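Just so you know, all these numbers are worked out from the coordinates, no wet-lab data involved. It should be emphasised that the depicted structure is a prediction, and the values quoted were computed from it without experimental measurement. Positions of Cβ are generated from backbone atoms using ideal geometry, with glycine treated the same way; all protein chains shown enter the neighbour counts.
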Amino acid sequence: MLDDIDRRLLRQLQADPKLTTSALAARSRVTAQMAARRLEKLRAQGILRGIHGVIDWRALGYEVEVSLRITLDKTQRTAFDDFIAAARQVPEVIEIQTFLGRVDVRLSIIARDMKHYQEIYRDRVLALPHIADIEALMEVARIKTPEGLPI
């Protein structure tokens with residue numbers, strides 16, 4: 001699917017997303033025109049979805065991250081949809097994942113401190129619909145983050 005030129009372009013773009021097309025081309029050892037065409041092709045194929053700003057939420061005063069593993073009451077046909085729609089409305093929920101198995105959903109929640117987390121948990125999380133069970137996991141350390149792919 002990807003050839004060597006595409007891989008070089010994507011590796012360089014992952015390393016420094018602020019590169020201009022000409023700088024990206026030079027680092028990838030292709031012409032600027034070729035780089036522009038290849039990037040457009042990668043966008044059209046849905047491989048390159050855009051350039052994103054990564055915000056360090058800890059730098060903004062959020063010191064706590066909690067992962068909640070949630071099992072839903074699936075006796076309601078709309079349990080997943082209702083739960084996910086409501087969870088999207090909680091500003092401190094930074095990630096929602098769904099699973100097959102005993103755990104249905106995982107939420108990543110950030111908070112300024114434990115008092116703030118307790119407020120979020122009591123006032124927002126417990127108000128989410130169709131929850132049958134919750135298990136909380138407190139993050140101790142983040143060892144590896146998924147910011148780049150091995151291309």
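Go through the range 30-57 and count every residue that is under 30 Å from R112 (Cβ atoms) and surrounded by 12 or more Cβ atoms within 10 Å (Cβ to Cβ).
1
Only one of R112, R124, R77 is exposed (fewer than 11 other Cβ atoms within 10 Å of the Cβ) and not aromatic (F, W, Y). Can you tell me which? So that I can check it myself, show each step before the final result.
Values: R112 fails: exposed (fewer than 11 other Cβ atoms within 10 Å of the Cβ); R124 fails: exposed (fewer than 11 other Cβ atoms within 10 Å of the Cβ).
After applying the criteria, what remains is R77.
Give me the residue from the range 80-109 that is among the small types (G, A, S) and surrounded by 12 or more Cβ atoms within 10 Å (Cβ to Cβ) and, out of that set, farthest from M138 (Cα to Cα). It would help to see each step written out before you state the result.
Let us first name the residues in the range 80-109 that are among the small types (G, A, S), namely 85-87, 101, 108.
Next, from what is left, pick out any that are surrounded by 12 or more Cβ atoms within 10 Å (Cβ to Cβ): 85-87, 108.
On the way: A85: 24, A86: 22, A87: 19, S108: 10 Å.
Of everything passing the filter in the range 80-109, A85 is farthest from M138 (Cα to Cα).
Restricting to the range 60-74, count the residues that are assigned to a loop (DSSP other than H, G, I, E, B) and surrounded by 16 or more Cβ atoms within 10 Å (Cβ to Cβ).
Counting residues in the range 60-74 that are assigned to a loop (DSSP other than H, G, I, E, B) and surrounded by 16 or more Cβ atoms within 10 Å (Cβ to Cβ) gives 1.
Quick one: is Q89 of a type in the set (S, T, N, Q) and within 18 Å of the chain's Cα centre (by Cα)? Quick ask: steps written out before the conclusion?
Values: of a type in the set (S, T, N, Q): yes; within 18 Å of the chain's Cα centre (by Cα): yes.
Considered against the rule, which asks whether it is of a type in the set (S, T, N, Q) and within 18 Å of the chain's Cα centre (by Cα), Q89 comes out as yes.
Name every residue in the range 42-58 that is part of a helix (DSSP H, G or I) and touching a helix residue (DSSP H, G or I) at 6+ places or on another chain (Cβ under 8 Å), in order of residue number.
Initially, the range 42-58 is screened for residues part of a helix (DSSP H, G or I), giving 42-44.
The answer is L42, and nothing else.
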